[in-house]
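Note sheet for the following structure.
The values are calculated or read from the model by the stated rules, or taken from the named source; none is laboratory data. Everything numeric in this text was worked out from a predicted model, so none of it was measured. Here the Cβ is made from the backbone with ideal geometry for all residues, glycine too, and neighbour counts use every protein chain on show.
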Amino acid sequence: AQSVAQPEDQVNVAEGNPLTVKCTYSVSGNPYLFWYVQYPNRGLQFLLKYITGDNLVKGSYGFEAEFNKSQTSFHLKKPSALVSDSALYFCAVRDAGNMLTFGGGTRLMVKP
Amino acid sequence: ETGVTQSPTHLIKTRGQQVTLRCSSQSGHNTVSWYQQALGQGPQFIFQYYREEENGRGNFPPRFSGLQFPNYSSELNVNALELDDSALYLCASSGALGRGDGETQYFGPGTRLLVL
């Protein structure tokens, strides 16, 4: 069975500093990996995905993620955090049937 | 914002009742997936519909059932509601796998269900 772990419940970063939100996964076969963001009382917004190709994936709002097969990780990054980036972030892995398995989420707090 | 819409936005029911939640998929998408997100947790897969047929199911009991219509909109029905069914129910639509952006699921705003 596939699984996703987000080891940090919360990440705190100052505005303008780089941010990293960690994600590790377990899946048989090739991983299809996703990051979503959730603002209060809202659904999930797609940020980026890794299917194949370059290990560094660029997505919406200046976010990027680095796929590392040997470490089974897919960490979300942004060079310079904004206060408006404060939200709940979910990493997910997709199985062959297009079912998403999500991590427990990481709350990102960006302070001015 | 995605083109996925859900109704109602909020709902309050009592234990033992039945509820129907609705989802309209994004234009051009033929697959709808439903997820349950309990407070403070990540979404959990309930089931998926592709071309009006159930195409995968998570670890949810049979009292969770669904439908997909010819226009690819979908319903989630939950019978004999329990207190633990209180959650945000999310619908996601996607296109055909292996074609274009078919791997990506786009989520609606969700329906928040409270069972008393």
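Quick test for you: out of A:G16, A:G53, A:G97, pick the one residue that is away from chain B (no Cβ under 11 Å), modelled with pLDDT under 95 and farther than 20 Å from B:A38 by Cβ.
The match here is A:G53.
What strands (runs of 3 or more DSSP E) lie completely within the stretch B:3-108 and have 1 or more residues being closer than 30 Å to A:P7 by Cβ?
B:31-37, B:44-50, B:53-57, B:87-94
Looking at B:G66, is it small (G, A, S) and more than 21 Å from A:F46 (Cβ to Cβ)?
It is true that B:G66 is small (G, A, S) and more than 21 Å from A:F46 (Cβ to Cβ).
Which condition number in (1) more than 9 Å from chain A (Cβ to nearest Cβ); (2) of a type outside the set (A, V, I, L, M); (3) more than 13 Å from the chain's Cα centre (by Cα) is the one that B:Y89 fails?
Here B:Y89 clears every test but (3).
Just to verify a result, which residue in the stretch A:67-94, among those that are within 13 Å of A:P31 (Cα to Cα) and within 14 Å of chain B (Cβ to nearest Cβ), is modelled with the lowest pLDDT?
Among those that are within 13 Å of A:P31 (Cα to Cα) and within 14 Å of chain B (Cβ to nearest Cβ), it is A:R94.
Identify all residues within the stretch A:70-89 that are touching a Ser or Thr at 6+ places or on another chain (Cβ under 8 Å) and in a strand (DSSP E or B); write none if there are none.
Within the stretch A:70-89, A:S73, A:F74, A:H75, A:L76, A:K77, A:L88, A:Y89 meet the criteria.
Here's the yes/no breakdown for (1) facing chain A (nearest Cβ under 10 Å); (2) out of contact with any Phe, Trp or Tyr (no Cβ under 6 Å at 6 or more places or on another chain); (3) at pLDDT 95 or above:
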residue	(1), (2), (3)
B:T2	yes, no, no
B:Q6	yes, yes, yes
B:L11	no, yes, yes
B:T14	no, yes, yes
B:T20	no, yes, yes
B:C23	no, yes, yes
B:T31	yes, no, no
B:P43	yes, no, yes
B:Y50	yes, yes, no
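Take the stretch A:27-50 and flag every residue that is at pLDDT below 90 and either at the interface with chain B (Cβ under 10 Å from one of its Cβ atoms) or farther than 20 Å from A:G97 by Cβ (or both).
A:P40, A:N41, A:R42, A:G43
Restricting attention to the stretch B:68-79, does a residue exist that is exposed (fewer than 15 other Cβ atoms within 10 Å of the Cβ), β-branched (V, I, T), more than 10 Å from every other protein chain (Cβ to nearest Cβ) and over 21 Å from A:V93 (Cα atoms)?
Taking every residue of the stretch B:68-79 in turn, none turns out to be exposed (fewer than 15 other Cβ atoms within 10 Å of the Cβ), β-branched (V, I, T), more than 10 Å from every other protein chain (Cβ to nearest Cβ) and over 21 Å from A:V93 (Cα atoms).
When the stretch A:39-53 is examined, which residues are found to be out of contact with any helix residue (DSSP H, G or I) (no Cβ under 6 Å at 6 or more places or on another chain) and either assigned to a strand (DSSP E or B) or of a type in the set (S, T, N, Q) (or both)?
Once the filter is applied, which keeps residues that are out of contact with any helix residue (DSSP H, G or I) (no Cβ under 6 Å at 6 or more places or on another chain) and either assigned to a strand (DSSP E or B) or of a type in the set (S, T, N, Q) (or both), the stretch A:39-53 yields A:N41, A:L44, A:Q45, A:F46, A:L48, A:K49, A:Y50, A:T52.
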